[in-house]
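Okay, structure first, notes after.
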Amino acid sequence: MSMKGLKGKIKAVCISEKKGTDKKNIHECEIVEGFGLKNDAHGGNWHRQISLLSYEKIEDFKKRGGEVIDGSFGENLIVSGLDLVNIPIGTKLKINDIVLEVTQIGKECHSHCEIFKKVGDCIMPREGIFAKVISGGIIKEGDIIEII
């Protein structure tokens, strides 16, 4: 089944200036081609320039008693309305002029990260997806993200 044309909404835009720290929701940011979010510690010339996490999965986690805020899982973008983990690798996502390409689904949790220690679980390894930036632009909360 093609997912082309499916749309979701950006609920938060988060960065951290140092690795290993929580990301903070800055609500709007420049996405830089070939890098990721401007000033984000995880940006760079590699395949995981941007991390995306589903708003619905974060809400489920909160219902189970998880005390988290936007950025707690190290995610750059919180997206509602798309089943992120079922988007195939190589899929392109469009937000305004920005084009992202999905490069990885989930990741290994490195020996229980800070999030796991604080929260008792981390959903990023199961629910997060990663993308590289094909073309950049400005992204903000409320923007529509579409599978192209």
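The values are calculated or read from the model by the stated rules, or taken from the named source; none is laboratory data. The model shown is predicted, which means the values in this text are computed figures rather than measured ones. A quick note on method: Cβ atoms are made from the backbone with ideal geometry, for glycine too, and the neighbour counts reach across all protein chains shown.
Once region 94-111 is narrowed to residues that are modelled with pLDDT of 95 or more and part of a loop (DSSP other than H, G, I, E, B), the residue that is nearest to Ala12 (Cα to Cα) is Asn96. Restricting the first member to region 15-30 and to residues that are more than 16 Å from Phe73 (Cβ to Cβ) and of a type in the set (Ser, Thr, Tyr), and the second to residues that are modelled with pLDDT under 90 and not in a strand (DSSP E or B), no beta-carbon pair is closer than 9 Å while six or more apart or on different chains. Right, Thr91: farther than 16 Å from Val13 by Cα, β-branched (Val, Ile, Thr) and within 14 Å of the chain's Cα centre (by Cα) or not? Against the criterion (farther than 16 Å from Val13 by Cα, β-branched (Val, Ile, Thr) and within 14 Å of the chain's Cα centre (by Cα)), Thr91 does not qualify.
For Asp22, state whether it is under 17 Å from Cys122 (Cα atoms), surrounded by fewer than 20 Cβ atoms within 10 Å (Cβ to Cβ), within 15 Å of the chain's Cα centre (by Cα) and not polar (S, T, N, Q). Spelling it out, Asp22 is indeed under 17 Å from Cys122 (Cα atoms), surrounded by fewer than 20 Cβ atoms within 10 Å (Cβ to Cβ), within 15 Å of the chain's Cα centre (by Cα) and not polar (S, T, N, Q). Filtered by the rule that a residue be buried (at least 19 other Cβ atoms within 10 Å of the Cβ) and farther than 19 Å from Ile129 by Cβ, region 29-69 gives a lone residue, Gly66.
Quick check on Leu93: is it touching a residue at least 60 places away in the same chain (Cβ under 8 Å) and out of contact with any Asp or Glu (no Cβ under 6 Å at 6 or more places or on another chain)? It is false that Leu93 is touching a residue at least 60 places away in the same chain (Cβ under 8 Å) and out of contact with any Asp or Glu (no Cβ under 6 Å at 6 or more places or on another chain).
Scanning region 1-51 for residues that are of a type in the set (Lys, Arg) and farther than 20 Å from Leu84 by Cβ gives Lys18, Lys19, Lys24, Lys38.
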